[in-house]
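Asker: Sharing a structure below in C-alpha coordinates format, with a few things to ask.
The values are calculated or read from the model by the stated rules, or taken from the named source; none is laboratory data. Please read these numbers as outputs of a predicted model, since none were measured by experiment. Cβ placement follows ideal geometry from the backbone for every residue including glycine, while neighbour counts extend to all protein chains displayed.
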Amino acid sequence: MSLSYRKATENDWELVRDLEKEAASVSPRFFLAYESEKEIKDYLQKDQVFLVMEDEQPVGTVAFNTKGQELAHIDGLAIVPSCTGKGYGTEAMRWVMDQIQNIKKAELVVHPQNSVALRIYLKVGFKIIGWKDNYFGDGEPRLELVKKEG
Ligand SMILES: CC(C)(COP(=O)(O)OP(=O)(O)OC[C@H]1O[C@@H](n2cnc3c(N)ncnc32)[C@H](O)[C@@H]1OP(=O)(O)O)[C@@H](O)C(=O)NCCC(=O)NCCS
(Lines give C-alpha, C1' and ligand atoms only; values in the text may rest on other atoms or scores of the structure.)
Protein backbone atom coordinates (compact mmCIF):
# COMPACT_ATOMS: atom_id res chain seq x y z
CA MET A 1 0.00 0.00 0.00
CA SER A 2 1.43 3.37 -0.94
CA LEU A 3 -0.56 6.10 0.75
CA SER A 4 0.81 9.57 1.32
CA TYR A 5 -0.68 12.69 2.86
CA ARG A 6 -0.75 16.27 1.63
CA LYS A 7 -1.93 19.23 3.70
CA ALA A 8 -4.99 20.74 2.06
CA THR A 9 -4.91 24.52 1.51
CA GLU A 10 -7.72 26.97 0.78
CA ASN A 11 -7.16 26.35 -2.93
CA ASP A 12 -8.15 22.72 -2.39
CA TRP A 13 -11.61 23.58 -1.04
CA GLU A 14 -13.52 22.15 -4.01
CA LEU A 15 -11.46 18.96 -3.97
CA VAL A 16 -12.07 18.52 -0.22
CA ARG A 17 -15.80 19.14 -0.73
CA ASP A 18 -16.00 16.62 -3.58
CA LEU A 19 -14.04 13.89 -1.76
CA GLU A 20 -16.07 14.24 1.44
CA LYS A 21 -19.40 14.47 -0.41
CA GLU A 22 -18.57 11.33 -2.38
CA ALA A 23 -17.51 9.44 0.76
CA ALA A 24 -20.64 10.62 2.61
CA SER A 25 -22.96 9.64 -0.27
CA VAL A 26 -22.84 6.01 0.88
CA SER A 27 -23.91 6.86 4.42
CA PRO A 28 -25.20 10.45 4.68
CA ARG A 29 -26.63 9.78 8.18
CA PHE A 30 -23.16 8.97 9.47
CA PHE A 31 -20.98 11.73 8.08
CA LEU A 32 -21.98 15.37 7.61
CA ALA A 33 -19.97 16.78 4.73
CA TYR A 34 -19.62 20.56 4.41
CA GLU A 35 -21.25 22.01 1.32
CA SER A 36 -20.60 25.73 0.97
CA GLU A 37 -17.33 27.45 0.09
CA LYS A 38 -17.43 29.41 3.35
CA GLU A 39 -18.06 26.33 5.51
CA ILE A 40 -15.20 24.44 3.88
CA LYS A 41 -12.75 27.35 4.00
CA ASP A 42 -13.57 27.84 7.71
CA TYR A 43 -12.98 24.11 8.22
CA LEU A 44 -9.62 24.34 6.38
CA GLN A 45 -8.59 27.20 8.67
CA LYS A 46 -9.78 25.63 11.93
CA ASP A 47 -8.54 22.13 11.21
CA GLN A 48 -5.47 20.51 9.80
CA VAL A 49 -7.06 18.79 6.83
CA PHE A 50 -4.96 16.35 4.81
CA LEU A 51 -5.64 14.76 1.46
CA VAL A 52 -5.07 11.00 1.49
CA MET A 53 -3.19 10.21 -1.72
CA GLU A 54 -2.93 6.83 -3.43
CA ASP A 55 0.09 7.33 -5.65
CA GLU A 56 -0.73 10.76 -7.12
CA GLN A 57 -4.51 10.45 -6.77
CA PRO A 58 -6.55 11.93 -3.88
CA VAL A 59 -8.77 9.19 -2.42
CA GLY A 60 -9.97 10.77 0.82
CA THR A 61 -9.38 13.19 3.67
CA VAL A 62 -8.43 13.14 7.33
CA ALA A 63 -8.81 16.12 9.65
CA PHE A 64 -7.94 17.06 13.20
CA ASN A 65 -7.33 20.08 15.39
CA THR A 66 -5.24 20.40 18.51
CA LYS A 67 -5.24 22.45 21.71
CA GLY A 68 -1.56 22.63 22.62
CA GLN A 69 -0.22 19.33 23.96
CA GLU A 70 -3.43 18.58 25.85
CA LEU A 71 -6.13 17.66 23.38
CA ALA A 72 -6.56 16.57 19.78
CA HIS A 73 -9.99 16.43 18.22
CA ILE A 74 -10.37 14.15 15.20
CA ASP A 75 -12.89 15.84 12.91
CA GLY A 76 -12.95 13.70 9.82
CA LEU A 77 -12.00 10.46 8.13
CA ALA A 78 -13.31 9.88 4.63
CA ILE A 79 -12.32 7.48 1.87
CA VAL A 80 -14.16 7.56 -1.46
CA PRO A 81 -16.37 4.49 -2.06
CA SER A 82 -14.28 3.22 -5.02
CA CYS A 83 -11.32 2.81 -2.64
CA THR A 84 -12.96 1.54 0.56
CA GLY A 85 -12.43 -1.94 2.00
CA LYS A 86 -8.70 -1.93 1.14
CA GLY A 87 -7.39 -0.88 4.53
CA TYR A 88 -6.97 2.80 3.59
CA GLY A 89 -9.27 4.11 6.35
CA THR A 90 -7.31 2.15 8.97
CA GLU A 91 -3.97 3.23 7.51
CA ALA A 92 -5.02 6.90 7.39
CA MET A 93 -6.24 6.78 11.00
CA ARG A 94 -2.95 5.18 12.11
CA TRP A 95 -1.13 8.03 10.34
CA VAL A 96 -3.24 10.58 12.23
CA MET A 97 -2.42 8.84 15.53
CA ASP A 98 1.29 9.13 14.66
CA GLN A 99 0.91 12.88 14.01
CA ILE A 100 -0.70 13.43 17.42
CA GLN A 101 1.30 10.88 19.40
CA ASN A 102 2.66 13.47 21.87
CA ILE A 103 -0.75 14.88 22.70
CA LYS A 104 -2.22 13.71 26.00
CA LYS A 105 -5.77 13.02 24.92
CA ALA A 106 -7.57 12.49 21.62
CA GLU A 107 -11.34 12.62 21.16
CA LEU A 108 -13.89 12.09 18.40
CA VAL A 109 -17.53 11.26 17.83
CA VAL A 110 -19.04 8.63 15.56
CA HIS A 111 -22.55 7.52 14.67
CA PRO A 112 -23.32 4.33 16.67
CA GLN A 113 -24.36 2.49 13.48
CA ASN A 114 -21.19 3.44 11.59
CA SER A 115 -19.64 0.10 12.38
CA VAL A 116 -16.81 0.34 9.84
CA ALA A 117 -15.56 3.66 11.27
CA LEU A 118 -16.16 2.52 14.85
CA ARG A 119 -14.12 -0.62 14.21
CA ILE A 120 -11.20 1.50 12.97
CA TYR A 121 -11.30 3.79 16.03
CA LEU A 122 -11.42 0.88 18.48
CA LYS A 123 -8.56 -0.80 16.59
CA VAL A 124 -6.29 2.24 17.09
CA GLY A 125 -7.05 2.41 20.81
CA PHE A 126 -10.09 4.63 21.29
CA LYS A 127 -12.62 3.72 23.99
CA ILE A 128 -16.32 4.57 24.06
CA ILE A 129 -17.07 6.93 26.94
CA GLY A 130 -20.54 8.28 26.19
CA TRP A 131 -23.60 8.72 24.01
CA LYS A 132 -25.12 12.04 22.98
CA ASP A 133 -28.53 12.29 21.34
CA ASN A 134 -28.91 14.76 18.47
CA TYR A 135 -25.20 15.66 18.69
CA PHE A 136 -24.96 17.79 15.52
CA GLY A 137 -28.61 18.87 15.60
CA ASP A 138 -29.35 16.41 12.79
CA GLY A 139 -31.60 14.26 14.98
CA GLU A 140 -28.98 11.49 15.05
CA PRO A 141 -27.02 10.26 18.08
CA ARG A 142 -23.24 10.02 18.31
CA LEU A 143 -20.93 7.93 20.47
CA GLU A 144 -18.15 9.85 22.21
CA LEU A 145 -14.72 8.19 22.08
CA VAL A 146 -11.47 9.06 23.83
CA LYS A 147 -7.89 7.82 23.68
CA LYS A 148 -5.42 8.75 26.40
CA GLU A 149 -1.65 8.86 25.82
CA GLY A 150 0.28 5.70 26.71
C1 LIG B 1 -15.33 4.81 7.35
C2 LIG B 1 -14.38 4.77 6.16
C3 LIG B 1 -13.35 5.88 6.28
C4 LIG B 1 -13.68 3.40 6.14
O5 LIG B 1 -12.71 3.40 5.12
P6 LIG B 1 -12.10 2.01 4.55
O7 LIG B 1 -10.94 2.43 3.70
O8 LIG B 1 -13.14 1.18 3.94
O9 LIG B 1 -11.58 1.33 5.89
P10 LIG B 1 -10.78 -0.07 5.98
O11 LIG B 1 -10.62 -0.63 4.59
O12 LIG B 1 -9.56 0.22 6.76
O13 LIG B 1 -11.80 -1.00 6.76
C14 LIG B 1 -11.88 -1.05 8.17
C15 LIG B 1 -12.53 -2.36 8.56
O16 LIG B 1 -13.89 -2.39 8.13
C17 LIG B 1 -14.10 -3.46 7.21
N18 LIG B 1 -14.98 -2.95 6.14
C19 LIG B 1 -14.70 -1.97 5.25
N20 LIG B 1 -15.78 -1.74 4.48
C21 LIG B 1 -16.73 -2.61 4.91
C22 LIG B 1 -18.07 -2.86 4.51
N23 LIG B 1 -18.64 -2.17 3.53
N24 LIG B 1 -18.77 -3.82 5.18
C25 LIG B 1 -18.20 -4.49 6.19
N26 LIG B 1 -16.94 -4.31 6.62
C27 LIG B 1 -16.22 -3.36 5.97
C28 LIG B 1 -12.73 -3.78 6.68
O29 LIG B 1 -12.65 -5.12 6.24
C30 LIG B 1 -11.88 -3.55 7.91
O31 LIG B 1 -12.00 -4.64 8.79
P32 LIG B 1 -10.72 -5.26 9.58
O33 LIG B 1 -10.47 -4.27 10.68
O34 LIG B 1 -11.18 -6.56 10.05
O35 LIG B 1 -9.60 -5.31 8.60
C36 LIG B 1 -15.17 4.94 4.82
O37 LIG B 1 -16.14 3.91 4.71
C38 LIG B 1 -15.88 6.27 4.69
O39 LIG B 1 -15.30 7.26 4.23
N40 LIG B 1 -17.17 6.32 5.11
C41 LIG B 1 -17.96 7.56 5.00
C42 LIG B 1 -17.45 8.64 5.91
C43 LIG B 1 -17.46 8.21 7.37
O44 LIG B 1 -18.42 7.60 7.84
N45 LIG B 1 -16.38 8.56 8.10
C46 LIG B 1 -16.27 8.33 9.53
C47 LIG B 1 -16.97 9.42 10.23
S48 LIG B 1 -16.80 9.36 11.99
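Asker: Test of understanding: among K7, K21, which residue is surrounded by fewer than 17 Cβ atoms within 10 Å (Cβ to Cβ) and farther than 23 Å from I103 by Cβ?
Answerer: K21
Asker: Okay, moving on. Which one of these is surrounded by 15 or more Cβ atoms within 10 Å (Cβ to Cβ) and without any contact (Cβ under 8 Å) to a residue 24 or more places away in the chain: Y43, Y34?
Answerer: After applying the criteria, what remains is Y34.
Asker: Something else: Go through the range 112-132 and count every residue that is within 7 Å of the ligand (Cβ to nearest atom), of a type outside the set (G, A, S) and touching a residue at least 40 places away in the same chain (Cβ under 8 Å).
Answerer: So the count comes out to 2.
Asker: Now for a different question. Need at least 3 residues that are over 14 Å from the mean Cα position of the chain (by Cα) per element, so show me which strands (runs of 3 or more DSSP E) inside the range 61-150 make the cut, counting only ones lying wholly within it.
Answerer: Per the criteria, 127-132, 142-148.
Asker: Which one of the conditions (1) at pLDDT below 95; (2) of a type in the set (G, A, S); (3) closer than 22 Å to G125 by Cα does S27 fail to meet, given that it meets all the rest?
Answerer: (3)
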